[in-house]
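Data first, discussion second: the structure below is written as structure tokens.
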Amino acid sequence: MTNLRLLLAYDGTDFTGWQIQAGRRTVQGVLEEAIRDLTGETPRLLCAGRTDSGVHAHGQVASFETKCKIPVDRWRTALQFRLPDDIIVREVTEVPPRFHATYSPLTKRYRYLIHNSLVEDLILRRFSWRVRWNLDVAAMQAGADRLLGHHDFRSFESNWPNNKVTSTRTVHELKVFRTSPGPVLQGMACCYPEADPQGFIAIEIEADGFLYNMVRIIAGTLVNVGRGYWTPDDVERILLAQDRQLAGDTSPAQGLFLVHVKYPENEDEL
């Protein structure tokens, strides 16, 4: 058996998330169908993060084992030929048998994109949340700083209690900054000169793991800070209260991207 790792990008707009659901179009379902068509096998496809309906990816990682003898350097082209336009196979590599897309990651990085404008953008509305009110990015960053480190993030989790052991996670980096859409989307959308070069705000977060809707709730909370509803100190108050009702709304799915998954470089650490 050969263990293969896929590096994937996809536009999540027309998918009901990653995980297979009966009668629904999902990323996993479309990929597994393409692999079956190529190899005749029924794959057990694992992924780094089960993105929700409408959520995008630029750096999703999946893995599966196969007996197929197709050379690794031909897999990307052969698989892409069988996939729709809204899924891109960026890379296919052979990995050690112990590599597991779900359990081997050290950290994951998500990006949330806000279009801070009075006017809707026809193209980029599929990939961002439009917030009409002018946002104070410095205040949002000050609030974000309160979430750095090792904390119980149950205030920022939709389904608590969850089926995991704990709601404690470590946030290694959390940045809020104004940006042009091109570098943030990294090829996921048609970025054109008419797009406002500073009309977008990115929230970048890297952690050792994420709770259900954690990034989208953090984004909703920081927008309330940016609007002046709350202060950065309120973010710390919400964090320590461990009460989902106190945090901001869950922001829309279309602004969220899984951009990178970090794995150990040493095979012994997998």
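The values are calculated or read from the model by the stated rules, or taken from the named source; none is laboratory data. Here the structure is a predicted model, which means the values were calculated and not measured. We place every Cβ from the backbone using ideal geometry, glycine too, and count neighbours over all the protein chains shown. To get the accessible areas, we keep the full protein, side chains included, count just its heavy atoms, and leave off ligands, DNA and RNA. Shrake-Rupley method; radii C 1.70, N 1.55, O 1.52, S 1.80 Å.
Between T168 and R82, the modelled label-to-label distance comes to 4.4 nm, taking each label 7 Å out from Cα in the direction of the beta carbon. Would you mind pulling out the separation of the Cα centroids of the stretch 102-169 and the stretch 27-97, in Å? Computed from Cα coordinates, the inter-centre distance equals 27 Å.
Normalised radius of gyration (Cα atoms, divided by 2.2 N^0.38 Å) for the chain: 1.04.
Relative to the longest principal axis of the chain, what angle (0 to 90°, nearest 10) does the C-alpha long axis of helix 214-226 take? On a 0 to 90 degree scale, this one is about 30. Over the chain, accessible surface divided per residue gives 48 Å², non-protein components excluded, 1.4 Å probe.
Here the calculated FRET efficiency for E267 and Q245, from their Cβ-Cβ distance with R0 = 41 Å, stands at 0.35, rounded to the nearest 0.05.
In this Cβ point-charge picture (+1 for Lys and Arg, -1 for Asp and Glu), the chain has a dipole of about 400 debye about its Cα centre. Report, as a whole number in µm² per second, the diffusion coefficient that Stokes-Einstein gives for the stretch 1-138 at 37 °C and 0.692 mPa s using the Kirkwood radius over alpha carbon pairs. Translational diffusion coefficient: 200 µm²/s. Once the Cβ-Cβ distance between E41 and V119 is put in as r, and R0 is 30 Å, what FRET efficiency do you end up with, to the nearest 0.05? Between E41 and V119 the formula returns 0.05.
List residues of the stretch 47-66, by number, whose backbone nitrogen lies under 17 Å from a label position 7 Å along Cα→C-beta of R25. Label zone hits: 52-57. Taking a Cβ cut-off of under 15 Å around R146, the surrounding Lys, Arg, Asp and Glu residues balance to a net charge of -3, with basic ones at +1 and acidic ones at -1. In percent, rounded to a whole number, the relative contact order of the chain is 25, using alpha-carbon pairs under 8 Å and six or more apart. For K67, the aspartates and glutamates whose Cα comes closer than 20 Å to its Cα, not counting residues fewer than 8 places off in the same chain, are E32, E33, D37, E41, E91, E94. Between E236 and L106, full extension at 0.36 nm per residue minus the direct alpha carbon distance yields a gain of 44.2 nm. The accessible surface of the chain, taken with every protein chain in place and a 1.4 Å probe, is 48 percent carbon and sulfur.
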